[in-house]
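All remarks here apply to the structure that follows.
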Amino acid sequence: WDNADFSRGVGTTFYQEFSTLNTAKPPFVRDVEEKVRRYMRSSYSAAWTLKITWEKAPVYSPWTDTRKTITYQAVLTTDGYRSYILMLYQDRGMQWDYTRLTATNVLIGYT
């Protein structure tokens, strides 16, 4: 999330916290649990989940078209023992011209 620039009034960032210990789980948390179970092939029941969304984030660059944006989410979740992160990107949503970035080692995801 290194090169997003919200200083020009384009795009927004927001978050939603789900504390689900001993409470009914909303559909979003049930979906996160299902993804963790499927990808990690283990049982999982979330006690806490945080969804962070970067919506229509423009790239940091003075010569970049602010209409070329990206929308993505990071979802952090834990059962109190194990923790996971899901990184979700809008389908065909990467509109940044990465060839014009200062850095040449561009990644989507984390290392």
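The values are calculated or read from the model by the stated rules, or taken from the named source; none is laboratory data. Keep in mind that what you see is a predicted model, and the values were worked out from it rather than measured. Virtual Cβ from ideal backbone geometry, glycine too; neighbours counted across all protein chains shown.
Just need a number here: residues in the range 1-60 that are among the small types (G, A, S), touching a residue at least 40 places away in the same chain (Cβ under 8 Å) and touching a Gly at 6+ places or on another chain (Cβ under 9 Å).
2
How many of the residues in the range 17-35 are over 22 Å from Y89 (Cβ atoms), surrounded by 13 or more Cβ atoms within 10 Å (Cβ to Cβ) and of a type in the set (V, I, T)?
Residues in the range 17-35 being over 22 Å from Y89 (Cβ atoms), surrounded by 13 or more Cβ atoms within 10 Å (Cβ to Cβ) and of a type in the set (V, I, T): 1 in total.
Kindly indicate whether F14 is surrounded by 12 or more Cβ atoms within 10 Å (Cβ to Cβ), within 18 Å of the chain's Cα centre (by Cα) and of a type in the set (F, W, Y). Explain how you work it out, then say what you get.
Working: surrounded by 12 or more Cβ atoms within 10 Å (Cβ to Cβ): no; within 18 Å of the chain's Cα centre (by Cα): yes; of a type in the set (F, W, Y): yes.
So F14 fails the test.
Find the residue count for the range 12-42, including only residues that are out of contact with any strand residue (DSSP E or B) (no Cβ under 9 Å at 6 or more places or on another chain) and among the aliphatic types (A, V, I, L, M).
Looking only at that region, the number is 1.
Which of (1) within 22 Å of Q95 (Cα to Cα); (2) in contact with a strand residue (DSSP E or B) (Cβ under 7 Å, 6 or more places away or on another chain) is the odd one out, the single condition G9 does not satisfy?
Only one criterion in (1) within 22 Å of Q95 (Cα to Cα); (2) in contact with a strand residue (DSSP E or B) (Cβ under 7 Å, 6 or more places away or on another chain) is unmet by G9, namely (2).
Could you list, in sequence order, all residues of the range 13-32 that are part of a strand (DSSP E or B) and modelled with pLDDT of 90 or more?
T13, F14, Y15, Q16, E17, F18 - these are the residues of the range 13-32 that are part of a strand (DSSP E or B) and modelled with pLDDT of 90 or more.
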